[in-house]
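What follows draws every value from the coordinates through simple rules; no lab data is involved. Keep in mind it's a predicted model, so treat the numbers as computed, not measured. FYI the Cβ positions are ideal-geometry reconstructions off the backbone, even for glycines, and counts take in every protein chain you see.
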Amino acid sequence: MTYFDVRIPGLTMTVLKGLYTPMGYILLLGITMNHTDKTFTISGMSCGGCVNSLTRVLKTVPGIEPLKIEVGMAQLRLDQRATSQAVKDAVARAGFEVTSEV
Ligand SMILES: [Cu+2]
């Protein structure tokens, strides 16, 4: 079984490539999920170490995909599994605080 993601603007699809037939692989559509991109302003970050620790924590949260993380801000792709509160909680676990989001 091979899993891979197909990314189309506004849509993320997880495709399951599973069945091998005499004709070759056939593709099975697994999950279709909408996502939104949001930018969070974050206080308490000061260096690349902060960027690394925040990135590490955010990557553990289902539905959060870090797009770009810099000192003071995180641009994230969120699917329906991830709420703003989940982002705030994860940022707090990393030792920082969300001050605004757009
Ligand atoms: Cu730091």
Using θ = phi - 60° and the Karplus relation 6.51 cos²θ - 1.76 cosθ + 1.60, list the HN-Hα couplings for segment 81-86 in order, rounded to whole Hz, with x at every Gly or Pro.
6, 10, 9, 4, 5, 5
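Around GLY48, with a cut-off of 13 angstrom between Cβ atoms, what is the net charge of the other residues, counting Lys and Arg +1 and Asp and Glu -1? All intermediate terms of the calculation are to be shown ahead of the outcome.
Values: positive: ARG56; negative: GLU70.
Net of charged neighbours comes to 0.
Quick check: residue separation of LYS59 and ALA92 times 0.36 nm, minus the Cα distance between them. What number comes out in nm?
Working: separation 33, 0.36 × 33 = 11.88 nm, distance 1.40 nm.
Fully extending the segment from LYS59 to ALA92 adds 10.5 nm.
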